[in-house]
């Protein structure tokens with residue numbers, strides 16, 4: 001048995017990038033920041049905040065919800081799985097990308113009005 005499960009709560013770094021594929025299938029990509037708060041160790045050493053950026057991919061209905069309601073700064077809960085892809089560019093350089101493919105997403109925090117900052 002194996003498990004591939006990711007749970008994140010964080011803030012969106014920019015409005016989602018949304019596109020529609022063949023047959024109207026919607027896909028959205030966004031970057032999510034999670035931050036571990038810094039602290040002061042018992043010996044007085046200051047440990048700063050540590051922010052990680054995660055690439056999230058949402059499909060179909062989740063992507064459509066993201067398109068309508070998720071904006072830069074939104075706080076969201078995402079549950080999904082890790083996927084890694086690999087490809088070569090025209091120069092023959094191999095690239096690798098790891099993303100979280102979301103199975104579920106929830107909007108957190110207060111709902112914003114369209115003209116509110």
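Nothing in this text is a laboratory measurement; each read-out follows from the coordinates by a stated rule. Note that the structure is predicted; figures quoted are calculated from it, not measured. Because the Cβ atoms are built from the backbone with ideal geometry, glycine has one as well, and the counts that use them run over all protein chains shown.
Residues that are in a strand (DSSP E or B) and in contact with a helix residue (DSSP H, G or I) (Cβ under 8 Å, 6 or more places away or on another chain) within segment 4-57 comprise 18, 26, 27, 28, 30, listed in sequence order.
Against the criterion of being farther than 27 Å from residue 109 by Cα, without any contact (Cβ under 8 Å) to a residue 12 or more places away in the chain and touching a strand residue (DSSP E or B) at 6+ places or on another chain (Cβ under 8 Å), residue 96 does not qualify.
Suppose we filter segment 6-30 for residues that are under 14 Å from the mean Cα position of the chain (by Cα) and farther than 14 Å from residue 67 by Cα; how many remain? Number satisfying all stated conditions: 7.
Which residues, taken from segment 58-81, are out of contact with any helix residue (DSSP H, G or I) (no Cβ under 8 Å at 6 or more places or on another chain) and part of a strand (DSSP E or B)? Can you show your working first?
Keep residues of segment 58-81 that are out of contact with any helix residue (DSSP H, G or I) (no Cβ under 8 Å at 6 or more places or on another chain), which gives 59-81.
The answer is 59, 75, 76, 77, 78, 79, 80, 81.
Going residue by residue through segment 32-39, is there one that turns out to be surrounded by fewer than 14 Cβ atoms within 10 Å (Cβ to Cβ), over 19 Å from residue 77 (Cα atoms) and in contact with a strand residue (DSSP E or B) (Cβ under 6 Å, 6 or more places away or on another chain)? Among the residues of segment 32-39, at least one is surrounded by fewer than 14 Cβ atoms within 10 Å (Cβ to Cβ), over 19 Å from residue 77 (Cα atoms) and in contact with a strand residue (DSSP E or B) (Cβ under 6 Å, 6 or more places away or on another chain), which makes the answer yes. What about residue 87, is it touching a residue at least 12 places away in the same chain (Cβ under 8 Å) and outside any loop (DSSP other than H, G, I, E, B)? Considered against the rule, which asks whether it is touching a residue at least 12 places away in the same chain (Cβ under 8 Å) and outside any loop (DSSP other than H, G, I, E, B), residue 87 comes out as no.
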